[in-house]
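This report refers to the structure that appears directly beneath it.
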Amino acid sequence: SDKKKPKVQHFRVATDRTVFSLQHAHFLGTFPGFGASHFLPQLRGAVGLYLALSGARINGVDCLFAGVATHFMPPHRLSRCLQALIDHGAEISEDQIKAILDDHSTPTKDKEMRTYPSPPTYYQRYSMG
């Protein structure tokens, strides 16, 4: 049985209220657990290393720049996006989900994104490309 598994896309939406951290590593002095050792090395540059060592918090825009989030959505677009997803029903495809998220999210080069702070210095310091 050489059935090919369909490629599963994972979508992670961040907003201006998103906070992401591995503070247990900072406060408890433990190593990142619960699968973090899988996704932290996949973040852009060495931001995952920085987060694991420092326990620093990053916001929604930082999550997008670091690769934690796939989409950034301002709060005023969330309800319309959710309604669009609901309207497609249970048989919605991953491509349709991506298209809806793309339509409702804010591109990083968009003028609306300029109202949010630029990536902090740690991102520039730890990002290697």
message: Restricting to region 1-45, give me the number of residues that are buried (at least 17 other Cβ atoms within 10 Å of the Cβ), modelled with pLDDT under 80 and either touching a strand residue (DSSP E or B) at 6+ places or on another chain (Cβ under 9 Å) or hydrophobic (A, V, I, L, M, F, W, C) (or both).
response: 2
- prompt: Taking region 51-83 as the search range and keeping residues that are modelled with pLDDT of 90 or more and open to solvent by less than 20 Å² (accessible area, probe 1.4 Å), which one is farthest from residue 41 (Cα to Cα)?
  reply: 81
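The values are calculated or read from the model by the stated rules, or taken from the named source; none is laboratory data. Quick caveat, the model's predicted, so the values are computed rather than measured. Virtual Cβ from ideal backbone geometry, glycine too; neighbours counted across all protein chains shown. Just the protein is used for accessible areas: all its heavy atoms, side chains included, with ligands, DNA and RNA removed. Shrake-Rupley method; radii C 1.70, N 1.55, O 1.52, S 1.80 Å.
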